[in-house]
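Enquirer: First the structure, then my questions, so here it is.
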Amino acid sequence: MLHIATRIVGRSAMPIKCLEVPPDAELKPVSERANSMLKVLDRGTGVLVLTDIYGATPHNIAQQVACGRPGMTVLSGLNLPMLVRVFNYPDDDLDTLASKAAEGGNRGIMSCPLESASHPQVQR
């Protein structure tokens with residue numbers, strides 16, 4: 001997803017890292033790597049951590065290493081519109097960026113009614 005967002009928006013002005021968590025991964029090394037990444041990414045203005053599914057292993061690791069630390073925000077439900085929104089506002093403070101990310105993610109979810117093939121539209 002990070003690759004696609006980069007293709008849409010271009011390189012981000014903010015530091016970005018991606019941590020993949022394989023299904024069979026040992027939790028301790030992944031948590032240590034996540035902690036190291038947070039230290040690298042934190043340049044004094046905070047770190048926004050985006051995870052896909054609330055309660056899944058990547059989110060739980062993010063909560064463990066980031067929540068409760070000053071300047072760290074964990075936001076779940078990652079989708080492409082959310083990530084593109086983050087790329088578009090690199091100069092915003094952490095709270096504003098998190099809010100805009102959540103809004104972009106929510107606005108990116110749409111339902112379009114489909115016409116049923118068994119009920120063709122009648123022309124008038």
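The values are calculated or read from the model by the stated rules, or taken from the named source; none is laboratory data. Small disclaimer: the values here were computed from a predicted structure and weren't measured. Methodologically, a virtual Cβ is constructed for each residue, glycine included, from the backbone with ideal geometry; neighbour enumeration extends over all protein chains shown.
Enquirer: Filter the stretch 13-32 for residues that are part of a loop (DSSP other than H, G, I, E, B) and not aliphatic (A, V, I, L, M); which is surrounded by the most Cβ atoms within 10 Å (Cβ to Cβ)? Full working, then the answer.
Expert: Filtering the stretch 13-32 down to residues part of a loop (DSSP other than H, G, I, E, B) leaves 13-26.
So of that shortlist, the ones also not aliphatic (A, V, I, L, M) come out as 15, 17-18, 20, 22-24, 26.
Numbers: 15: 12, 17: 14, 18: 9, 20: 7, 22: 8, 23: 5, 24: 5, 26: 8.
Once the filter is applied, the top-ranked residue is 17.
Enquirer: Can you name the condition, by its number, that residue 78 falls short on among (1) closer than 24 Å to residue 7 by Cα; (2) out of contact with any Asp or Glu (no Cβ under 6 Å at 6 or more places or on another chain)?
Expert: Every condition holds for residue 78 apart from (2).
Enquirer: Of all residues in the stretch 33-67, which are loosely packed, with under 12 Cβ neighbours inside 10 Å and acidic (Asp, Glu)?
Expert: Correct list: empty.
Enquirer: Follow-up question, since we're still on this one. In the stretch 89-104, how many are closer than 19 Å to residue 9 by Cα and free of Cβ contacts under 8 Å to residues at least 40 places away in the same chain?
Expert: Of the residues in the stretch 89-104, 6 are closer than 19 Å to residue 9 by Cα and free of Cβ contacts under 8 Å to residues at least 40 places away in the same chain.
For (1) within 16 Å of residue 86 (Cβ to Cβ); (2) at pLDDT 95 or above; (3) among the acidic types (Asp, Glu), each residue gets a yes or a no:
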residue	(1), (2), (3)
2	yes, no, no
9	yes, no, no
12	yes, no, no
23	no, no, no
33	no, yes, no
44	no, no, no
49	yes, yes, no
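Enquirer: Go over the candidates 106, 79, 60, 35 one by one and state the one that is in contact with a Gly (Cβ under 6 Å, 6 or more places away or on another chain), at negative phi and polar (S, T, N, Q).
Expert: When all the criteria are applied, what remains is 79.
Enquirer: Looking at the stretch 55-72, can you tell me whether even one residue there is in contact with a helix residue (DSSP H, G or I) (Cβ under 6 Å, 6 or more places away or on another chain), outside any helix (DSSP H, G or I) and closer than 20 Å to residue 4 by Cβ?
Expert: No, every residue in the stretch 55-72 fails to be in contact with a helix residue (DSSP H, G or I) (Cβ under 6 Å, 6 or more places away or on another chain), outside any helix (DSSP H, G or I) and closer than 20 Å to residue 4 by Cβ.
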